[in-house]
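Peer 1: Once you've had a glance at the structure underneath, I'll fire off some questions.
FYI, it's all coordinate maths here, none of it is from the lab. No experiment lies behind these values; they were computed from the predicted model shown. Positions of Cβ are generated from backbone atoms using ideal geometry, with glycine treated the same way; all protein chains shown enter the neighbour counts.
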Amino acid sequence: MTFEFQAGATAQGRQFADQCETLLRSMGFELSGLLRLREVGVEVDCAATSPRGNLVWFEFKGSVQGTRPGLRRTDTMKKAIANGALVSAIDAHPPFVLLASHLPVAGSGMAMLQTARRLGIFDDVICLYDPDDVRRLRAL
């Protein structure tokens, strides 16, 4: 049963990453793909150059099924925050933006996200399915 859940989660994660990449390309980003930051032990899901010529690192966290998709799962939120904290240890790193399918709306997930934002762990957190959020990508 665990294998089936993990296989499904992996497939959904790949589908969401494809959606993120499609959106970024449609907005004029040039994608360089996965980036391994060996000095801090993190893989950035996608390094990209914005239409303005700025390098941006993206973390993708999302799915389309389940009762707690995207960042509504606290374990997913914790992994995103850990990756962001490790990235923040790199001097003069480019903006680190979290693209999510769903954001928490209450509880400990919301508290974690608010704290991470206050600490500057992410340069932005964008819900892929919220047009107001997506517009902020144009400023990168």
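Peer 1: Using per-residue counts of other Cβ atoms within 10 Å, averaged over each peptide, order 23-36, 93-106, 116-129 from highest down.
Peer 2: 93-106, 116-129, 23-36
Peer 1: Kindly provide the pair-distance distribution of region 3-140 built from C-alpha pairs, with 5 Å bins from 0 and whole-percent values in order of increasing distance.
Peer 2: Over region 3-140, the share of Cα pairs per 5 Å bin runs 2, 10, 21, 24, 21, 15, 5, 1, 0 percent.
Peer 1: List every residue whose amide H lies under 5 Å from the amide H of Val42, counting only residues 5 or more places away in sequence or on a different chain, with H placed 1.01 Å from N in the peptide plane.
Peer 2: Amide H neighbours of Val42, under 5 Å, 5+ apart: Leu37.
Peer 1: Under the definition of Cα pairs under 8 Å and six or more residues apart, what whole-number percent is the relative contact order of region 35-140?
Peer 2: This gives 25 percent for region 35-140.
Peer 1: Where does each of Glu21, Glu43 land when they are ranked from fewest to most other beta-carbon atoms within 10 angstrom?
Peer 2: With the sparsest Cβ surroundings first, the list reads Glu43, Glu21.
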